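Here is the structure we will look at.
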Amino acid sequence: MLSHDIMVVRIEVKMGIWDRYAEFVYRVATGSKRRRITIMPVAALFFFGLVVLFVFASSWIDRWLAFLHFDSTWWSLGLSVLLLVPGCLIMLWPVMQFFRARGTPVPFNPPPKLITTGLYAFVRNPMLLGLFLVMLGLGVLFGSLPLIFIFTPLFILLNVLYLKAIEEKEMEKRFGEEYLEYKRKVPMFIPRLKKRK
């Protein structure tokens, strides 16, 4: 019986790699300003490097498998503008909100308080939603089926996994019940037509 209890304690104490990373993000986000400022550019470069890698990978596949590429037409140009302009605006508006709240979009140097106004009243991750629209818009603009149907969905999937495994855990720890309530009311990416009470 005692060995069973010890085993249960070991299982409860043992943290997974994602839990440890969420704990690391929490410690940096709530730690010294110097540490946040040091780690922030590395994290930002990694994230935007991943976006650039996905766009270039799709371009390489377009050249390698020419049948997955379509030529630009008036409708593809118009559709790309309809995706790119709102996508850029949706991405930039929350960035300005973060800077006004004395934080950055990088999880290692976030605003000190939970932002639930502006676009955050409708979706929890408007910056990513805007980036997804921009990636789809680039796919249409460049005539890249791989960017539209492979790399953008893969990028969305990776971000959802990251948000669920790391960022949401870190925010629950930092903001507690306030974040849990916000998470219950506001969807991750797709705004509800009717607000939940």
Q: Leaving ligands, DNA and RNA out of it, report the carbon-plus-sulfur percent of the accessible area of the chain at a 1.4 Å probe.
A: 72
Q | Rounded accessible area of Met96 (nearest 10 Å², 1.4 Å probe) | A | 110
Q | Whole-number accessible area per residue in Å² for the chain, which is evaluated in the context of all protein chains at 1.4 Å | A | 64
Q | Options Thr116, Trp18, Pro126, ranked by Cα towards positive dipole end of the chain, top entry (Cβ charges) | A | Thr116
Q | Length added when fully stretched, Val52-Ala66, from 0.36 nm per residue minus Cα-Cα | A | 3.0 nm
Q. How large is the charge dipole for the chain, taken about the Cα centre, if only the Cβ atoms of Lys, Arg (+1) and Asp, Glu (-1) carry charge, to the nearest 20 debye?
A. 800
**Q.** Residue of Lys33, Lys183, Lys169 that the Gaussian network model of the chain assigns the largest fluctuation, springs spanning Cα pairs under 10 Å
**A.** Lys33
**Q.** Sum of -39500 (n - 2.57) over DSSP H runs of 4+, divided by residues of the chain (222 nm, nearest 500)
**A.** -21500 deg cm²/dmol
Q: Measure off 7 Å from each Cα along the Cα-to-Cβ vector at Phe149 and Leu89, then give the distance between these two points in nanometres to one decimal.
A: 3.1
**Q.** Radius, Kirkwood style, for the chain when every pair of distinct Cα atoms is counted (Å)
**A.** 18.9
(Q) Which one, Gln97, Leu145, Leu68, projects farthest toward the positive side of the charge dipole computed for region 13-156 from Cβ point charges (K/R +1, D/E -1)? (A) Gln97
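The values are calculated or read from the model by the stated rules, or taken from the named source; none is laboratory data. In this text the structure is predicted, and so the values were computed from the model without any measurement. We place every Cβ from the backbone using ideal geometry, glycine too, and count neighbours over all the protein chains shown. The accessibility values were calculated without ligands, DNA or RNA, using every heavy atom of the protein model including side chains. Shrake-Rupley method; radii C 1.70, N 1.55, O 1.52, S 1.80 Å.
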